[in-house]
Structure formats: C-alpha cells, structure tokens
1. Only one of Ile130, Ile97, Ile159 is under 10 Å from the mean Cα position of the chain (by Cα), at pLDDT 95 or above and either part of a helix (DSSP H, G or I) or charged (D, E, K, R) (or both). Can you tell me which?
2. Using beta carbons and a limit of 8 Å, which pairs, at least six apart or on different chains, have the first residue in segment 135-152 and more than 16 Å from Met181 (Cβ to Cβ) and the second one among the acidic types (Asp, Glu) and buried (at least 17 other Cβ atoms within 10 Å of the Cβ)?
3. Report yes if some residue within segment 178-188 is under 21 Å from Pro85 (Cα atoms), open to solvent by less than 30 Å² (accessible area, probe 1.4 Å) and at pLDDT 95 or above; otherwise report no.
4. Regarding Gly174, is this residue open to solvent by less than 70 Å² (accessible area, probe 1.4 Å), within 16 Å of Asp94 (Cβ to Cβ), outside any helix (DSSP H, G or I) and in contact with a Ser or Thr (Cβ under 8 Å, 6 or more places away or on another chain)?
5. Are any of the residues in segment 142-151 open to solvent by less than 20 Å² (accessible area, probe 1.4 Å), over 25 Å from Leu184 (Cβ atoms) and assigned to a helix (DSSP H, G or I)?
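The values are calculated or read from the model by the stated rules, or taken from the named source; none is laboratory data. Being a predicted model, the structure only gives us computed values, none of them experimental. As a convention, Cβ positions derive from the backbone with ideal geometry for all residues, glycine included, and neighbour counts pool all protein chains shown. SASA here: full protein model, heavy atoms, side chains in, ligands and nucleic acids out. Shrake-Rupley method; radii C 1.70, N 1.55, O 1.52, S 1.80 Å.
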Amino acid sequence: MNNNISRVLIGLMLLSGVGVAQAASDEEKLRELERAMNMPSETGMPQKRTRAIVFDNQQPSTPAAEPAAAQVASTAGSRDCGSLPPDVRTVGVDFAIQFNAGSATVSAASEGTLNQIAKVLALSPDRCVIVEGHTDVAGNFDKNMALSRDRANAVVNFIATRNGIDRKRFVPVGKGSTETMPNLDARDPKNRRVVFKVVTG
C-alpha cells in the first residue's frame, strides 16, 4: 500500500472509533493479508489477480468501473472450499474484530476493518479462506467454542452479504480457547480474535 492509501485507511478507522495504534496495526495486517492473497499457489492452480484495491475515498481508475459489490462477485474456481483436507497449507493473519458483549453480532467499530479485509480478499477470487474464531479461557469451554463458531460465521456473513464476495470461498471454524496465542496468558483478552487463513496448498 502506498502512503496515501495508508493515511486514508487510518483516517477511516479513526472516524469509526478505532485508535491510532489499532489503525496502524490493522494496516500492517492488511498488508500481510494482501501478500498472502498474492502468493503463488502450491497446488499449481493459477491465481487470478483481476483488480487493485480501491479504498473508499479513491476514485476508480476508469470511469466505467463497476460498483465494489459487482467487482468482487466471483467464485473460488472449481475448488471445493468446504472439503479442504485438515493438513492444507495456509497463511494466517489475525485481526482483533470486536463483537457486541457476549454475542456474535459484529460491533460497528469493526465494520470498517471488515470492509477493508473484504477488499483485500477480492483481489484473488479463486482463493479459499478459512475464517477462525478464537476466545480466551474465561468462561465455559463449550459456550466459548459455540461463541467462537458463531462469530466466525458472523464475520463470513458480513463479508459475503455486505461486500458481494462468494460465501463458498469461506470455511468458518470455531476454535474456542483451544489455540491461545503463544507467549500470552490464556486469560488475556487479546486471545479473542479472528484469524483469516488463506489457503496456499
């Protein structure tokens, strides 16, 4: 991303109530996600790169550019994203997506971040993406597992319905507190995150 796009992204996040440090962190993670989307496939499947990211206050490069939802309506090719093998190779990027307390409803504070993530995911419409919900260890294990699964589904539904990306590209998974972050106390709220795993193998 160039500096103008970076400033735009930080400005949008500040308007939506995200702090400067969080905006900078999300910007770095969006770059990581974009790199993962553009990695060559290890399966030999050609990856289509059909467009560049156009952020909200940028003008389209051509006057006849399609609306964002129409641009991203595509499918993950002939690959069945719903039946990926458990050992499939992925590159994961985690985001601190916020939800309303104790629910799977995406907080308004994270809608801008999810819209920016959707723009990156639209770059390579043939890629499958595993979306994992994670929690900390506080509370009941089974409830956390169900909540993490519901939150992963909520993120997928948000990206698919609000941004016109084919839902079949996504595999939502609830991990609960089974994979807390390394070198972090399992009770730390930073374990509550959503990980986007781009399939590369």
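1. Details: Ile130 fails: either part of a helix (DSSP H, G or I) or charged (D, E, K, R) (or both); Ile97 fails: either part of a helix (DSSP H, G or I) or charged (D, E, K, R) (or both).
So the residue among Ile130, Ile97, Ile159 that is under 10 Å from the mean Cα position of the chain (by Cα), at pLDDT 95 or above and either part of a helix (DSSP H, G or I) or charged (D, E, K, R) (or both) is Ile159.
2. Hits for this filter: Ala152/Glu132.
3. Checked segment 178-188: no residue is under 21 Å from Pro85 (Cα atoms), open to solvent by less than 30 Å² (accessible area, probe 1.4 Å) and at pLDDT 95 or above.
4. Criteria met by Gly174.
5. no
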